[in-house]
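Written below as structure tokens is the structure these notes are about.
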Amino acid sequence: MQLLENYIREKGTVLEGNVLKVDSFLNHQIDPELMDKMGEAFAERFREAGITKIVTIESSGIAPAVFAGLKLGVPVIFARKKKSVTLTDNLYTSTVYSYTKKESNEIAVSKAFLEADDRLLLIDDFLANGQAIIGLLEIAEMSGAEVVGIGIVIEKSFQQGRTLVEKTGVPIYSLARIASLSDKGIEFVRED
Ligand code: 5GP
């Protein structure tokens, strides 16, 4: 998605450890117009897939997921990272190692919101080593729901996430695919 690539080039900064900082439009401040267009792009790609729900992870997946949910007319569920007092049992859980925080978090979704006949679209802000998406796939499997698509805002194609997740056979649609990150610049994967 050209607009997103422009945002990344103009506003993104590269941190140590191949981490891209995009706090000014995705991870801290949110650009609603960009979110709207990204939601439309996800919806367009998966409109014929019979999606019944979108599942993401708090917090940075929520904004793109909600805009996609709005366009597809389906609810959005976000996996919570810490158990809150209102989320005590009847949970599907999985443990996810965070690439940026270098720590493991348990993620949880209430059993009340996933049905065995659901057709899910998973959305996240980044695909790096694939751990977050694998955690969501595990939760989906526990519920019996089928994952029919994965939507990623920024894929770091030089890390192992895509290869790992592609093994599941679920189609992955990334709005921007980064081939390399360095202090000299950001290169995108060219698909044509
Ligand atoms: P994975 O589980 O695929 O290794 O990493 C995905 C998660 O790590 C995303 O949900 C995102 O929060 C975080 N992440 C991974 N790489 C980056 C990065 O380069 N920049 C930012 N801002 N977050 C990242």
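Is there any pair linking a residue in the range 16-30 that is of a type in the set (Val, Ile, Thr) to one that is near the ligand (Cβ under 6 Å from one of its atoms) and open to solvent by 50 Å² or more (accessible area, probe 1.4 Å), with Cβ under 6 Å and at least six apart or on different chains, and which?
Close Cβ pairs satisfying both conditions: Val19/Thr100.
Restricting to the range 1-38, what's the tally of residues that are surrounded by 14 or more Cβ atoms within 10 Å (Cβ to Cβ), more than 11 Å from the ligand (Cβ to nearest atom), outside any helix (DSSP H, G or I) and not charged (D, E, K, R)?
So the answer is 2.
How many of the residues making up the range 117-158 are β-branched (Val, Ile, Thr), within 7 Å of the ligand (Cβ to nearest atom) and surrounded by fewer than 20 Cβ atoms within 10 Å (Cβ to Cβ)?
0
From the list Ala41, Ala79, Ala49, Ala63, pick out the single residue that is surrounded by 18 or more Cβ atoms within 10 Å (Cβ to Cβ) and more than 16 Å from the ligand (Cβ to nearest atom).
Checking each option against the conditions leaves just Ala41.
The values are calculated or read from the model by the stated rules, or taken from the named source; none is laboratory data. Owing to the predicted nature of the structure, the values given are computational and were not obtained by experimental measurement. Ideal geometry is used to build each Cβ from the backbone, glycine not excepted, and the neighbour counts take in all protein chains shown. When the accessible area is computed, the model is the full protein with side chains, heavy atoms only, and any ligands, DNA or RNA have been set aside. Shrake-Rupley method; radii C 1.70, N 1.55, O 1.52, S 1.80 Å.
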